Every structure is written in structure tokens, then in C-alpha cells.
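Structure, as C-alpha cells:
Read the figures in this text as sums done on the coordinates, not as results from a lab. Bear in mind the structure is a predicted one, so any value in this text is a computation, not a measurement. Every residue, glycine as well, gets a Cβ built from its backbone with ideal geometry; the counts of neighbours run over all protein chains shown.
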Amino acid sequence: MLYILGGLPATGKTEVSKYLAATLNAVYIRIDTIEQELRDQGVIDLYDEGYQIAFSLALDNLKNGMSVVADSTNPVKESRDAWINVARQAQSSFTEIEVTCSDKQEHRQRVETRSTDIHNLLLPSWENVTSREYQKWLSQHIILDTAGKTPEQSKNELIQLLRHYVSTQK
């Protein structure tokens, strides 16, 4: 199974992605980690190189029988479709999960106060987050709204949403 997570920065994507990967004993692939390593190696103008590397890693692991949790913003339909194509190439099922924070003030506070565990990663400002292109998800997917919830509550809700989603797909 390929779990395709997306959402704006500071919605809680990475927190729930790491939890999901650990819970499922799945491979965890994070675009921020790949892109920062590319920058650290001298790649200056990134377009989709990080995503292309992630797609290849996910495909290899899916073909090897592993579940994969993909943690990335996935701001446009094309990136989400590319992940779906990876699952299809591997003849694997997939689930799309959009992580949101519907409380604008809470979201802003998260953006302005968060830290990162990736060396040298520059986090976006609130203005960067709100001005970036982010296309509406039109596909059938799970929406996890983390507003007003602790990380533990969001993790538990994600598991419940996944159980419900899987049961309705049968």
C-alpha cells in the first residue's frame, strides 16, 4: 500500500506520517529530507528532482512488498497523480490523505513557532505558506483536520479514518 500524504507546511503532515510509517512498519519517504540533501550537495534550482527520487524509491520498495508512507506537500494535482502512477506501476493499492489545519490562527502560530529536525532546512514563513500554489484535491481521499487537536489526537483520528476508508472501499 502507498499512503500519499499532502498538505501545506505546519499542518501536522510529518508528525502523522512518521507515526503511520512506524505503526505499519512501512518505509517512510520525506521530500524535505531528499530536497535538503540535494541542496547540501550543491543542487541550487530544484524543480521536481526530489519528487523524482522519491517516486523511484517508493516504486522499488512497493515492488519489494513494502508499504510506503510518502510525506510531501503535494501542492498540485500533477504530483498527486505521479504518486498514483507509482502505485499503479508497482501494482499496489494507494490511499491519499490530505492533512489540513482549518483554524487559520492556529496554523499561522504553528508556522511561526515550529522547528525542524533536518539540518540546514529553512522553514517557510507564513507569507510563503499562504501565497504558495495549492490546488484543491478533487480525488476521493481522506481529510485529516488537525486544528484544535494534540498530535496524539490527530494520530488516533488518522487510524480511525483509515479503518473507515478501507472498510468502505471493499
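For the stretch 1-54, what does the alpha-carbon gyration tensor say about shape, rounded, prolate or oblate, given a ≥ b ≥ c as the root eigenvalues, a/c under 1.5 as rounded, and a/b over b/c as prolate? Since a/c reaches 1.5 and a/b is larger than b/c, the shape of the stretch 1-54 is classed as prolate. Protection proxy ranking for 11-17, 39-45, 154-160, using the average of other Cβ atoms within 10 Å per residue and placing the highest first: 11-17, 154-160, 39-45.
In this simple spin-label approximation, Glu127 and Gln105 carry label points 7 Å from Cα along the Cα→Cβ vector, and these lie 2.3 nm apart. For the stretch 125-170, the mean projected area of the C-alpha convex hull, equal to one quarter of the hull surface, is 4.5 nm². The slack in the chain from Asn25 to Asp45, taken as 0.36 nm per residue of separation less the alpha-carbon distance, amounts to 3.8 nm. Once the Cα-Cα distance is subtracted from the 0.36 nm per residue extended length, the Val76 to Ile118 segment shows a gain of 12.7 nm.
Loop-located chymotrypsin sites (Phe, Trp or Tyr not before Pro) in the stretch 9-66 (DSSP state not H, G, I, E or B) with no more than 13 neighbouring Cβ atoms inside 10 Å: Tyr47.
The residues packed around Leu138, meaning those with a beta-carbon under 10 Å from its beta-carbon, carry a net charge of +3 if Lys and Arg are +1 and Asp and Glu are -1. With the Kirkwood sum run over all distinct C-alpha pairs, the stretch 1-138 has a hydrodynamic radius of 15.5 Å.
In the chain, the calculated helix contribution to ellipticity at 222 nm averages -15500 deg cm²/dmol per residue, counting -39,500 (n - 2.57) for every DSSP H run with n ≥ 4.
Within the listed set His107, His141, His119, the residue fluctuating most in the Gaussian network model of the chain (springs between alpha-carbon atoms under 10 angstrom) is His119.
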